[in-house]
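K.L.:
What follows is a structure written as structure tokens; I'll ask about it next.
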Amino acid sequence: MTPTLPRTVRAVDTARLVDLAREASMYGFSQRLPVDWLQEHLAAEATHYLLPTLVQRLGHRPDVPLQWRCRQLLTVRTGEQIWGLLDVLPATFDRLPESLDTASEKDIVGRIERAVTQREWAERMAADAAPDEVPRN
């Protein structure tokens, strides 16, 4: 029987989010950002949020445990909030403390809906960092 997906948002600090990404990498979960990317771009003192959105079971990879696919709201060093995906073991998610009231959870879900994706943000940062092209005569 498939476990019931929790209908809650969990808050985590940057160090805990990096630990979750390491665990996802260790299990070979497909939805995660590289740990080095997180360490480079996340605001060190920020709070980030996880919202389970679907139960992920890989039938073609029976060695990979069931996981919650979570949308994550991340605060990057620029102060912007972006969203991405992170697969988390249900037991790991359940151990994260519940610290948000209903109004805060609704606010976070709304912010996830309005945020740009990690990929869009990274592409924009790369484009902003690229030197202007010199016109050819």
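K.L.:
In the range 21-52, which residues are of a type in the set (D, E) and surrounded by 13 or more Cβ atoms within 10 Å (Cβ to Cβ)?
P.N.:
As a first pass, look at the range 21-52 and keep what is of a type in the set (D, E): 23, 36, 40, 45.
The answer is E23, and nothing else.
K.L.:
Same structure, new question: Test A103 against the criterion of being exposed (fewer than 15 other Cβ atoms within 10 Å of the Cβ), over 15 Å from the mean Cα position of the chain (by Cα), among the aliphatic types (A, V, I, L, M) and at pLDDT 95 or above, and give yes or no.
P.N.:
Details: exposed (fewer than 15 other Cβ atoms within 10 Å of the Cβ): yes; over 15 Å from the mean Cα position of the chain (by Cα): yes; among the aliphatic types (A, V, I, L, M): yes; at pLDDT 95 or above: yes.
Yes, satisfied.
K.L.:
Report the residue count in the range 65-110 for those that are among the charged types (D, E, K, R), in contact with a Phe, Trp or Tyr (Cβ under 9 Å, 6 or more places away or on another chain) and touching a residue at least 60 places away in the same chain (Cβ under 8 Å).
P.N.:
Final tally of qualifying residues: 2.
K.L.:
Condition first: of a type in the set (A, V, I, L, M, F, W, C), in a loop (DSSP other than H, G, I, E, B) and either more than 16 Å from I82 (Cα to Cα) or in contact (Cβ under 8 Å) with a residue 40 or more places away in the chain (or both). Can you find one or more residues in the range 23-42 that meet it?
P.N.:
Filtering the range 23-42 down to residues of a type in the set (A, V, I, L, M, F, W, C) leaves 24, 26, 29, 33, 35, 37-38, 42.
Still in the list and also in a loop (DSSP other than H, G, I, E, B): 29, 33.
After this cut, where a residue has to be either more than 16 Å from I82 (Cα to Cα) or in contact (Cβ under 8 Å) with a residue 40 or more places away in the chain (or both) as well, the list is 29, 33.
Yes; the residues of the range 23-42 include at least one that is of a type in the set (A, V, I, L, M, F, W, C), in a loop (DSSP other than H, G, I, E, B) and either more than 16 Å from I82 (Cα to Cα) or in contact (Cβ under 8 Å) with a residue 40 or more places away in the chain (or both).
K.L.:
I've got another one for you. Quick one: is T78 part of a helix (DSSP H, G or I) and either among the β-branched types (V, I, T) or buried (at least 18 other Cβ atoms within 10 Å of the Cβ) (or both)? Steps first, please.
P.N.:
Details: part of a helix (DSSP H, G or I): no; either among the β-branched types (V, I, T) or buried (at least 18 other Cβ atoms within 10 Å of the Cβ) (or both): yes.
Taking the combined requirement at face value, the residue does not satisfy it.
The values are calculated or read from the model by the stated rules, or taken from the named source; none is laboratory data. Quantities reported herein were computed from a predicted structural model and do not represent experimental measurements. Note: ideal-geometry Cβ built from the backbone for every residue, glycine included; neighbour counts use all protein chains shown.
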